[in-house]
Amino acid sequence: MPTFIAPDGTRLAHHARGEGEPLLCLPGGPMRASAYLGDLGGLTRHRQLHALDLRGTGDSALPADPATYRCDRQVDDVEAFRAHLGLDRVDLLAHSAGCDLALLYAVRHPRRVRTLTMITGRARALGVDFTPEHRAEGAALRKAEPWFEGAHDAYTRLWDGTATEADVDTALPFFYGRWDAAAKAHAASEVEQYNEEAAERYAGPGAFRPAEARVVVAAWDARVLLVAGELDSGPLPRVAAAVADLFPRAELAVLPGAGHFPWLDAPDALRETVAGFLDRAADRHDGG
C-alpha cells in the first residue's frame, strides 16, 4: 500500500487498481474511506485508479490537528498526492462530497487539472447545495418501491435535522437505484469506513468561498463531466445541469435507473460514460 507525507506531516495512503493512464479519485461521505468506490463499475479496465484515503480515513493516519479535516484545509493533501505520483497535470474524479474538495483543488491549482469528473457531486464550493425540497422531489420518484412507505418518513427526517440513528438505516434504500443484496452490503460497510468527527468538520464555517470560485471556473479551460443519477436527489439531474452551466466546457450525463452510487446501479453506463469522456478529452489534448 503506497503512502506519502502531507505538508503537515500526516501520512496518507492511496490504493492503485487497474491499468492505463492514472485517474486520481477522491471519495465522498464526506470522509469515508475510498474502499467503497470499488472499481467504479469496471473503470479499471480503462484507467489505473489511484484512490486517496483522506486524512483520518481508511489506511491514512489521523492528523495531529482535527481542524485540518475542513475541506479547504485538505487541498494541500491533493496537491501532495499529485506530486507524489509525479504528474504534471491530472485527470481528477470525485464522488459526492469529494467533489467539493476536487473543486477547491481546481480553483487553487487550475493549471494542474486536465479533466474533472464529478459523480453525483456536491458543489457547495460553487454556492450550489441541495435543499429539503430537492430531496422530497427525488424521493417522490420512488413511490412504487415496496420499501417506500416504511422509509419515507425516516428519509424526510434526515434533511430536517430530526433523524435518529435508526432513521439513517431505514432511509438507506433512497440512495440506491436498486435495493438489492449488493446495495445492502455496500451500505453496511459505511459504518467502519466513516470518520464521524471528520465529517462534521468537513464543510465547517469558512470552508467555501463560492463567489471567488465561480470567477475561476468561469475562465477555466479544463473539460468537466458531471454524472447524475436519474433517481438521485443529491443532485437532482436538473441541479447537476445548473452546475454544469457554470463551466465553459462541461458535459452532463444522466444515467437511467441510477441513484447516488451509479457504479452499483448502472455500472456499464457509468464505465462507458466516464471512459468515453476521458478518451475524447485525451484526443483533443493530443491534437492541440
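The values are calculated or read from the model by the stated rules, or taken from the named source; none is laboratory data. Quick caveat: nothing in here was measured; it's all calculated off a predicted structure. Please note: Cβ atoms are built from the backbone with ideal geometry, for glycine as well, and neighbour counts cover all protein chains shown. To get the accessible areas, we keep the full protein, side chains included, count just its heavy atoms, and leave off ligands, DNA and RNA. Shrake-Rupley method; radii C 1.70, N 1.55, O 1.52, S 1.80 Å.
For this structure, a couple of remarks:
- For the range 190-242, a/c is not less than 1.5, where a ≥ b ≥ c are the root eigenvalues of the C-alpha gyration tensor, and a/b does not top b/c. That puts it in the oblate class.
- For Arg209, no residue whose modelled amide H falls within less than 5 Å of its own remains once neighbours fewer than 5 places apart on the same chain are excluded.
- Counting only alpha carbon atoms, the long axis of helix 267-286 and the longest principal axis of the chain meet at about 20°.
- Note on the chain: with charges restricted to the Cβ of Lys and Arg (+1) and Asp and Glu (-1), its dipole about the Cα centre is near 800 debye.
- Helix 75-85 vs. the chain, principal-axis angle (Cα, 0 to 90°, nearest 10): 60
- For the range 121-150, the list of trypsin sites (Lys or Arg not before Pro) that fall in a loop by DSSP and count at most 11 other C-beta atoms within 10 angstrom reads Lys143.
- Sequence of His46, His260 when ordered by accessible area, the most exposed leading, probe 1.4 angstrom: His46, His260
- Cα long-axis angle, helix 98-108 against the chain (0 to 90 degrees, to the nearest 10): 30
- Counting charges near Ala33 (Lys, Arg +1; Asp, Glu -1) among other residues having Cβ under 9 Å from its Cβ returns a value of -2.
- Cβ-defined net charge surrounding Ala166, 14 Å radius [Lys, Arg +1; Asp, Glu -1]: -3
- Springs join every pair of Cα atoms under 10 Å in this Gaussian network model of the chain, and among Ser60, Ser233, Ser34 the largest mean-square fluctuation is at Ser60.
- Anisotropy class of the chain from Cα gyration tensor, a/c 1.5 cut: rounded
- Once you divide the Cα radius of gyration of the range 188-288 by 2.2 N^0.38 Å, the number left is 1.28.
- Around Ala16: net Lys/Arg minus Asp/Glu count, Cβ-Cβ under 13 Å: -3
- Amide H contacts under 5 Å for Leu40, placed H, 5+ residues apart: none
- Overall form of the range 23-93 per C-alpha gyration tensor (a/c, 1.5; a/b vs b/c): oblate
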